[in-house]
1. In nm, to one decimal, how far is the Met21 label point from the Asp489 one, both placed 7 Å along Cα→Cβ?
2. Suppose we take every Cα in the chain and form the convex hull; what volume per residue is that in Å³?
3. Is there a quick way to get the dipole size of region 248-580? I mean about its Cα centre, with the Cβ of Lys and Arg at +1 and of Asp and Glu at -1; what is the value in debye to the nearest 20?
4. For the chain, calculate the relative contact order in percent as a whole number, restricting contacts to Cα pairs under 8 Å that are 6 or more residues apart.
5. For Ser507, tell me the accessible area in Å² from a 1.4 Å probe, rounded to the nearest 10.
6. How much net charge surrounds Asp417 when only other residues with a Cβ under 12 Å from its Cβ are counted (Lys, Arg +1; Asp, Glu -1)?
7. Relative to a virtual label point 7 Å from the Cα of Arg103 in the Cα→beta-carbon direction, which members of region 136-160 show backbone nitrogen distances below 16 Å?
8. I want to make sure I understand the PRE zone here: with the label point 7 angstrom from the Cα of Val547 toward its beta carbon, which residues in region 501-536 have backbone N atoms less than 20 Å away?
Amino acid sequence: MWHRLRAALGRLRGSPAASAMERAVVRCVPSEPKLSLRFVLPDGSAKHMQRDQAEPLGRALARIATNAAKGPAKAAKKSKKARAEGGPAGEAAAAPAVRLFSRDGEAVAEEVPNAAAWQDGAVLQIGEARYRVERNPPALTELQLPRSLLAGFPVCPKVSAEFAAPQHCLFRWYREQRPAPDREAAVGDCGPVWVEAAAAERVFTPSNALVGLRLKLRCTPGDGAQRYGPPREVESSGPVEAGPGACTFDSRHLYTRKVCGEGSVRAVSYNILADTYAQTEFSRTVLYPYCAPYALELDYRQNLLKKELAGYNADLICLQEVDKAVFVDSLAPALDAFGLEGLFRIKEKQHEGLATFYRRDKFSLLSQHDIAFSEALLSDLLHKELCDKLAQYPLVKEKVLQRSSVLQVSVLQSTTDPSRKICVANTHLYWHPKGGNIRLIQIAVALSHIKHISCDLYPNTPVIFCGDFNSTPSSGTYSFINSGGIAEDHEDWVSNGEEERCNMPLSHPLKLLSACGEPAYTNYVGGFHGCLDYIFIDKNALEVEQVIPLPSHEEVTTHQALPSVSHPSDHIALICDLKWK
């Protein structure tokens, strides 16, 4: 890493020949009509020009010449005044000659369009001054550190770049130096002293020795082709704080220290508790009164969640109750650093939704087929028969159409064996305890949609169906998924009383089983505990290699219930290793 950093700094400074030249930075993107050009004239004035990409080069050069003559023209005006006062007169400045030379030293013809003329490594000459053209150099557009830093928990910066990629950027981490007690006042006047804290890695985990100290990150953007842009620095807003000690997931990480082998897939399903639900007065006083208020705060929970998910070394992660901002600003950047690509689907009229992550070196994304249940039921011919049946029960139909629940479906292809595909589905069904009839309709839509993709669009593609189904193993929904059918007289059709009765037999052809079985609970709160979450797999194509044990009851109840200072959600993640049959 150090030799890369030294080489990068060398390239930033340039070779002895190049260091005599200033930079002319060109930003030219095919999707935009104009290109931009930035350079500094010999008189020190910075110029930023926007020119049409299709415009002939000659016009852009003429404009540069006009701009370059303005400084000397101002000087000439001053000389008139000097002449009037009897001082020496300056001469009026003529526009300097402006030309552009290609990398091999040939003058670029003036009729060449700007987009083709301004190439990387070309040389712009303005009078005697020469500028090396840098076309689309790597540049950082955003560099952020999380607001909360805990000792022992990974710090994952949010890095956004143009003409660069985070995996090709260079990172250097610094920590504040603790001032000696007798020098504290003196040092405090001149700002913190920073000392290098860690190896140059994208993710940094502060030790307990750094509690009370702030961190600084210096990032140099790179594009993987040995080009590096100007570095940026960001300091943490607060110091590293002490972590909570043992967490519920620590013992689970012992089973997931390494990524699965070639023929295996590690899958995770987890309802992570949306901030939009955790940070309400009702949550603090009624749902989770046993949880310390600071442990319900988003920044704190995100620290725990990122460490938990990173430690599972999963190939597939299906999350529910993901706030949009959490996905964009926290989870996607963090899991990207651990080799996972993320997809997000927001619920209709909500601030939270579903996220599916897949390991980049194992899978590539072939296609996405996300739906909102209410919309699909009305508009997709796949569900016409179900919709017609439902029309006989207007009260139930109205309730189903009011729900914002969605289904996220992604078809992935193995990077090592293109013939091997997988259909990954993720959902969060209606939550109400008396909504069994609504969930049956939702799951019927989901299974028809998944069948269409895994059997019709991509024949013989195995299914992994994860989610928070809000259904216990004794429910009609669980029975329907497992057995392939539900009778019209099942008790869940009258789950909300006779008024909302809707009796209809349903069936589906998929052969699914719960990979993690039927745990005693996957959701444990003060007033309820039960198994609501599942990873259903295609039992004809996949088999379970291992199920990662859930935390012990003692661990779950150490702080009475979930969430807690040592567990970020009211649900528990399901994790299993699967292999193709």
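The values are calculated or read from the model by the stated rules, or taken from the named source; none is laboratory data. On a predicted model such as this, the values are computed, not experimentally measured, just so you know. Because the Cβ atoms are built from the backbone with ideal geometry, glycine has one as well, and the counts that use them run over all protein chains shown. We work out accessible area using only protein heavy atoms, side chains counted, and drop any ligands, DNA or RNA first. Shrake-Rupley method; radii C 1.70, N 1.55, O 1.52, S 1.80 Å.
1. According to this spin-label approximation, the distance is 8.7 nm.
2. 237 Å³
3. Dipole magnitude for region 248-580 comes out near 540 debye.
4. 11 percent
5. 100 Å²
6. Details: positive: Lys362, Arg420, Lys421; negative: Glu262.
Surrounding charge for Asp417 is +2.
7. Correct set: 136-138.
8. Only 511-525, 529-536 fall inside the zone, counting backbone N under 20 Å.
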